[in-house]
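Asker: Dropping the structure in here first, questions after.
The values are calculated or read from the model by the stated rules, or taken from the named source; none is laboratory data. Everything numeric here is computed off the predicted structure, so don't read it as measured data. Note: ideal-geometry Cβ built from the backbone for every residue, glycine included; neighbour counts use all protein chains shown.
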Amino acid sequence: MERRLAVMAGAGVLPGRAAAEAARQGWQVVAFTFDAAAGIEAHAERVVPCSLTDLQEVVRALRDAKVRSVIFVGKLWKKEVFSRVGTTDDLGRHIARSGLSDEALAAMVLATLEGINIEVLDPRPFLDPWMAGARRPRPSGARSRPASRWPGTSRRTESARASFGRAG
């Protein structure tokens, strides 16, 4: 069975590095880019440009790509989220109703993905060794731990960790 991973990419170099590591681990990578993510194209079988104002299309694209796992990597500026709330689609407005804090947004995104059977994974195993402490040795072929199984974290904390990045 093929393993297909969606890399939900904010800005910066980390999404490309995470995609490269996922491909090295044997994942088929589909990148969903919300901003410029350097180097991601080289490691993704497909790149899907995304918009914060059309989250329903993102969900459709996730289904079409047949992904069952997702990681969030890169920076998404909070001012971008705030500035587009009024122009977003129904799903975006639904997510925003819970509040615009990192925790509230992450919890709603996590619930939305869980509702369509997509597991949010801990992104740390997909970060290159150049990030100190980002990787723990794992047996070859071992699966990344889902966010719900991160040691020492509450559900709300793990939800916040699944967000695109801390407030900018």
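Asker: If I filter region 49-73 down to residues being at pLDDT 90 or above and of a type in the set (D, E, K, R), which single residue comes out as surrounded by the most Cβ atoms within 10 Å (Cβ to Cβ)?
Answerer: It comes out as Arg68.
Asker: In region 46-75, what residues are among the charged types (D, E, K, R) and either over 23 Å from Arg124 (Cβ atoms) or part of a helix (DSSP H, G or I) (or both)? Break it down stepwise before answering.
Answerer: Step one: filter region 46-75 for residues among the charged types (D, E, K, R), giving 46, 54, 57, 60, 63-64, 66, 68, 75.
Arg46, Asp54, Glu57, Arg60, Arg63, Asp64, Lys66, listed by residue number.
Asker: Could you check region 6-16 and list, in sequence order, the residues that are buried (at least 24 other Cβ atoms within 10 Å of the Cβ) and of a type outside the set (Val, Ile, Thr)? I'd like the intermediate steps shown before the answer.
Answerer: As a first pass, look at region 6-16 and keep what is buried (at least 24 other Cβ atoms within 10 Å of the Cβ): 6-9, 14-15.
The answer is Ala6, Met8, Ala9, Leu14, Pro15.
Asker: Considering only residues of region 76-96 that are assigned to a loop (DSSP other than H, G, I, E, B) and in contact with a helix residue (DSSP H, G or I) (Cβ under 8 Å, 6 or more places away or on another chain), which is modelled with the highest pLDDT?
Answerer: Of region 76-96, the ones assigned to a loop (DSSP other than H, G, I, E, B) are 76-77, 88-89.
Applying the additional criterion that residues be in contact with a helix residue (DSSP H, G or I) (Cβ under 8 Å, 6 or more places away or on another chain) yields 88-89.
Working: Thr88: 66, Asp89: 62.
Checking each candidate, the answer is Thr88.
Asker: Test of understanding: among Ala31, Ala22, Ala6, Ala42, which residue is assigned to a strand (DSSP E or B) and out of contact with any Asp or Glu (no Cβ under 8 Å at 6 or more places or on another chain)?
Answerer: Working: Ala31 fails: out of contact with any Asp or Glu (no Cβ under 8 Å at 6 or more places or on another chain); Ala22 fails: assigned to a strand (DSSP E or B); Ala42 fails: assigned to a strand (DSSP E or B).
Result of the check over Ala31, Ala22, Ala6, Ala42: Ala6.
Asker: Right, something else. Which of the residues that make up region 26-76 are in contact (Cβ under 8 Å) with a residue 24 or more places away in the chain and β-branched (Val, Ile, Thr)?
Answerer: Hits for region 26-76 are Val29, Val30, Thr33, Ile40, Thr53, Val58, Val59, Val67, Val70, Ile71, Val73.
Asker: Which condition breaks for Arg46 when tested against (1) modelled with pLDDT of 85 or more; (2) farther than 23 Å from Met131 by Cα; (3) crowded, with 19+ Cβ neighbours inside 10 Å?
Answerer: (3) is the only condition that Arg46 fails.
Asker: Could you tell me how many of the residues in region 112-138 are aliphatic (A, V, I, L, M) and at pLDDT 85 or above?
Answerer: First, the residues of region 112-138 that are aliphatic (A, V, I, L, M): 113, 116, 118, 120-121, 127, 131-132, 134.
Narrowing further to those that are at pLDDT 85 or above: 113, 116, 118, 120-121, 127.
Final tally of qualifying residues: 6.
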